Amino acid sequence: EGSLPSEAANFIQSILHRVSMSRRMSSASHINILQASCNELERIASVQESISDPATFARLYLEGQAVYEKIVRGYSWSHNKSSGAGGELAPATRTNIIRLHTIANKLNSMFSYVDAENKMLIRILKVKMLAVRLVCVVCNSNKSAKAESDEFLTEFEAVLMDIQDKDLCKYKFMEAFNALALTDSKPGQLANKLKPLLIKHPPVSLQAVPSSVKQAKAVIHEPVGGSETV
């Protein structure tokens, strides 16, 4: 068993490094590399049990990055449709927003022994998912977005409280939104401020995934309200 887990761990590390470097490429190329990397991580998770959970954690996060990129580089998520009242979100965008919601919740609920750095990254991914959802509701619906606005602000404040002042500069989205010091928290105002920040500050790339990460093995159904215990 000796070298195999070590080789597999190095393989995961090389994938994460490649993804990190691909941030300098075009959005389309970055998405292609993220998707190819997800496939490779899924394959190694299925054949190398000792590294399966860390590989699955990394794959989910990279998939979240890819889905996020597809949403914010698209048009319909943040633009009102001119036809009819309260435009209709493009089906692909709607699917991606649901997928991002699922990924963020899985990362934050299905894994244990996640190190502090990665824990913060997956919590911020959830904050950004809630921000994206808020912008989508404001721009593509006539219904009130107060619930989405409140949920985003609550989550943002909870995460912000756990970041030390000296570390805030490491989390550009959190730093930038906090610096706005908004006094008006109306959904429309929030959405207008969030749009450029969400495009400018995509999810940060994973630097490493500890081999200690464990995935819950119980079947967890998609949340329909209330909390699930494993």
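Which fully enclosed helices (runs of 4 or more DSSP H) of region 3-75 have 1 or more residues being more than 20 Å from LYS106 (Cβ to Cβ) and without any contact (Cβ under 8 Å) to a residue 24 or more places away in the chain?
3-21, 27-47
What are the residues in region 36-62 that are of a type in the set (Phe, Trp, Tyr) and out of contact with any Phe, Trp or Tyr (no Cβ under 9 Å at 6 or more places or on another chain), if any?
Selection gives TYR61 alone.
Could you tell me which residue of region 21-75 is farthest from LEU125 (Cα to Cα), considering only residues that are in contact with a helix residue (DSSP H, G or I) (Cβ under 8 Å, 6 or more places away or on another chain) and of a type in the set (Phe, Trp, Tyr)?
PHE57
Condition check: open to solvent by less than 40 Å² (accessible area, probe 1.4 Å), under 13 Å from the mean Cα position of the chain (by Cα) and of a type in the set (A, V, I, L, M, F, W, C). Does LEU60 satisfy that?
Criteria met by LEU60.
For region 106-122, enumerate the residues that are surrounded by fewer than 19 Cβ atoms within 10 Å (Cβ to Cβ) and in contact with an Asp or Glu (Cβ under 8 Å, 6 or more places away or on another chain).
The one that is surrounded by fewer than 19 Cβ atoms within 10 Å (Cβ to Cβ) and in contact with an Asp or Glu (Cβ under 8 Å, 6 or more places away or on another chain): SER109.
When LEU130 is evaluated against the numbered criteria (1) modelled with pLDDT of 95 or more; (2) open to solvent by 20 Å² or more (accessible area, probe 1.4 Å); (3) within 18 Å of SER76 (Cα to Cα), which criterion, by number, is the only one it fails?
Among (1) modelled with pLDDT of 95 or more; (2) open to solvent by 20 Å² or more (accessible area, probe 1.4 Å); (3) within 18 Å of SER76 (Cα to Cα), the lone unmet condition for LEU130 is (2).
The values are calculated or read from the model by the stated rules, or taken from the named source; none is laboratory data. Keep in mind the model is a prediction, meaning the values are calculated, not measured. Cβ atoms come from the backbone with ideal geometry, glycine included; neighbour counts cover every protein chain shown. Only protein heavy atoms, including side chains, enter the accessible area calculation; ligands, DNA and RNA are left aside. Shrake-Rupley method; radii C 1.70, N 1.55, O 1.52, S 1.80 Å.
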